[in-house]
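**Student:** Have a look at the structure that comes next, please.
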Amino acid sequence: MKLFLALSGWAMLNIILGLVVLAIAIYELYTYIQGRRSATLLTEEEFKEGMRKAQVVDIRERDDFNAGHILGARNIPYSTLANSYGSFRKDQPIYLYDRKKSLAVRSAIKLKKQGFQDIYILKTGYEEWSGKTKRK
């Protein structure tokens, strides 16, 4: 207890900030590991090759989807995913993407917990997509 009282305000702030950064790093590592267990990351070429036989799902919000999305994708926002499990078929692979891939990883974790097996994520996300797109 005396140690905490002896530390200056800046030292305490640095300790607190360090703990916050450590907590964020641990959370990101946990999400990364869970994502690797839940889904397979695909390059853009691999994604393009398999997407005709898969359920391609854009998990960004509706406004982002309408601004531009991969041709053939349907929109199931991450915020409504828990209410949309019935929209997915278990006999077809699920191809997920979002802006980068963080929401896709979280979505894959949720889908895996619901019993879905063939889950794939576009490694680079929509931002790097060079294939056909559509705008509404």
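The values are calculated or read from the model by the stated rules, or taken from the named source; none is laboratory data. Since this is a predicted model, take the numbers as computed values, not measurements. Glycine also receives a Cβ, built like all others from the backbone with ideal geometry; neighbour counts cover every protein chain displayed. Accessible surface areas use protein heavy atoms only, side chains included; no ligands, DNA or RNA. Shrake-Rupley method; radii C 1.70, N 1.55, O 1.52, S 1.80 Å.
**Student:** Out of (1) among the basic types (Lys, Arg); (2) in contact with a helix residue (DSSP H, G or I) (Cβ under 7 Å, 6 or more places away or on another chain); (3) in contact (Cβ under 8 Å) with a residue 60 or more places away in the chain, what's the single condition that is false for Lys48?
**Tutor:** Unmet for Lys48, out of (1) among the basic types (Lys, Arg); (2) in contact with a helix residue (DSSP H, G or I) (Cβ under 7 Å, 6 or more places away or on another chain); (3) in contact (Cβ under 8 Å) with a residue 60 or more places away in the chain: (2).
**Student:** Scanning the stretch 45-59 for residues that are in a helix (DSSP H, G or I) and crowded, with 16+ Cβ neighbours inside 10 Å, which turns out modelled with the lowest pLDDT? If you could, list the steps in order and put the result at the bottom.
**Tutor:** Taking the stretch 45-59 first, the residues in a helix (DSSP H, G or I) are 45-53.
Applying the additional criterion that residues be crowded, with 16+ Cβ neighbours inside 10 Å yields 47-48, 51.
Values: Phe47: 96, Lys48: 95, Met51: 92.
Among residues in the stretch 45-59 that are in a helix (DSSP H, G or I) and crowded, with 16+ Cβ neighbours inside 10 Å, the one modelled with the lowest pLDDT is Met51.
**Student:** Could you check, for the stretch 11-23, whether at least one of its residues is more than 20 Å from Lys134 (Cα to Cα), surrounded by 10 or more Cβ atoms within 10 Å (Cβ to Cβ) and not hydrophobic (A, V, I, L, M, F, W, C)?
**Tutor:** Among the residues of the stretch 11-23, at least one is more than 20 Å from Lys134 (Cα to Cα), surrounded by 10 or more Cβ atoms within 10 Å (Cβ to Cβ) and not hydrophobic (A, V, I, L, M, F, W, C), which makes the answer yes.
**Student:** Another question about this same structure. Go through the stretch 23-44 residue by residue and tally those that are in a helix (DSSP H, G or I) and at pLDDT 90 or above.
**Tutor:** Narrowing the stretch 23-44 to residues in a helix (DSSP H, G or I): 23-38, 44.
In the following step, the residues that additionally are at pLDDT 90 or above were identified as 23-26, 44.
Residues meeting the conditions: 5.
**Student:** Which ones in the stretch 60-82 are open to solvent by 20 Å² or more (accessible area, probe 1.4 Å), under 25 Å from Tyr27 (Cα atoms) and not in a loop (DSSP other than H, G, I, E, B)?
**Tutor:** Correct list: Tyr78, Ser79, Thr80, Ala82.
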